[in-house]
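This report concerns only the one structure given below.
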Amino acid sequence: MTIRSDRWIRARAEAGMIEPFEPGLQRDGVISYGLSSFGYDLRAAPEWRVFVNAFNTVVDPKAFDPASFVTVEAETCIIPPNSFVLTRSVEYLRIPDDVLVIALGKSSYARTGIVANVTPLEPGWEGHVTLELSNTTPLPAKVYANEGIVQLLFFQGEERPETTYADRKGKYQGQRGVTLPKL
């Protein structure tokens, strides 16, 4: 596998891999987003699912209860102490059949106790990326919409895998908006 540079990412993005695509790193007054040297920083959309314990529900990926969170649509989101939020990327992605993408948390957030779940985007997958953010601190933490939230790293394989995510009709294929767990 080869990690791909900004030139490779730009060429693929301009062909529809990332929409909307920001061809340069934007950082004046915001948490950076857009194309970097060896990656792309995705933005968080202003759609948040904040987990709460108001109804004493159990979070179960096989029987998910929407009563376990509240929906917030805003430019910022306060994540309660030791809690969790879901959001999605502003960008819609179409991953080439010979590429694996890894989404990693940005250090600006990690330095404040916000941890983004490491998420693989498999060959052939497309959709908005549902992002999982944990506040590991004993204090409320603020996150921002339309600013950088995770960085993507692109790894190109020497060949197309035998079966891509699209080939096997993966359950999260084509997802739009914040997508909850599916069985």
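V90 - would you say it is among the β-branched types (V, I, T) and closer than 26 Å to A166 by Cβ? So V90 fits the description; yes. Residues in region 110-129 that are surrounded by fewer than 21 Cβ atoms within 10 Å (Cβ to Cβ) and aromatic (F, W, Y): none.
All but one of (1) over 22 Å from T2 (Cα atoms); (2) out of contact with any Lys or Arg (no Cβ under 9 Å at 6 or more places or on another chain); (3) free of Cβ contacts under 8 Å to residues at least 60 places away in the same chain hold for A116; which doesn't? Unmet condition: (2).
Residues that are in a strand (DSSP E or B) and out of contact with any Phe, Trp or Tyr (no Cβ under 9 Å at 6 or more places or on another chain) within region 74-92 comprise I78, R88, S89, Y92, listed in sequence order. Scanning region 44-58 for residues that are over 18 Å from the mean Cα position of the chain (by Cα) and touching a residue at least 24 places away in the same chain (Cβ under 8 Å) returns a single hit, V52.
Checked across region 8-19, the condition of being modelled with pLDDT of 95 or more, on the phi < 0 side of the Ramachandran plot and outside any helix (DSSP H, G or I) holds for at least one residue. Kindly provide the set of residues from region 77-113 that are in contact (Cβ under 8 Å) with a residue 12 or more places away in the chain, of a type in the set (S, T, N, Q) and under 20 Å from N146 (Cβ atoms), ordered by number. Of everything in region 77-113, those that are in contact (Cβ under 8 Å) with a residue 12 or more places away in the chain, of a type in the set (S, T, N, Q) and under 20 Å from N146 (Cβ atoms) turn out to be T87, S89, S108, T112.
Quick grid of which residues meet (1) of a type in the set (V, I, T); (2) modelled with pLDDT under 95; (3) touching a Phe, Trp or Tyr at 6+ places or on another chain (Cβ under 6 Å); (4) farther than 23 Å from R10 by Cα:
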{"site": "R94", "(1), (2), (3), (4)": "no, no, no, no"}
{"site": "Y109", "(1), (2), (3), (4)": "no, no, no, yes"}
{"site": "L121", "(1), (2), (3), (4)": "no, no, no, no"}
{"site": "G124", "(1), (2), (3), (4)": "no, no, yes, no"}
{"site": "V129", "(1), (2), (3), (4)": "yes, no, no, no"}
{"site": "T136", "(1), (2), (3), (4)": "yes, no, no, yes"}
{"site": "V150", "(1), (2), (3), (4)": "yes, no, no, no"}
{"site": "L180", "(1), (2), (3), (4)": "no, yes, yes, yes"}
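Each residue in region 134-170 was checked for being closer than 19 Å to N117 by Cα and among the basic types (K, R), and 1 of them qualify.
Applying the criterion of being of a type in the set (S, T, Y) and within 24 Å of R111 (Cβ to Cβ) to the residues of region 1-58, the residue that is surrounded by the most Cβ atoms within 10 Å (Cβ to Cβ) is Y40. Listed by position, the strands (runs of 3 or more DSSP E) contained in region 101-156 that have at least 3 residues being of a type outside the set (A, V, I, L, M, F, W, C), closer than 18 Å to E22 by Cβ and over 14 Å from the mean Cα position of the chain (by Cα) form an empty set. Restricting the first member to region 59-76 and to residues that are closer than 11 Å to L180 by Cα and in contact (Cβ under 8 Å) with a residue 24 or more places away in the chain, and the second to residues that are among the basic types (K, R) and outside any helix (DSSP H, G or I), no beta-carbon pair is closer than 7 Å while six or more apart or on different chains.
The values are calculated or read from the model by the stated rules, or taken from the named source; none is laboratory data. Since this is a predicted model, take the numbers as computed values, not measurements. A quick note on method: Cβ atoms are made from the backbone with ideal geometry, for glycine too, and the neighbour counts reach across all protein chains shown.
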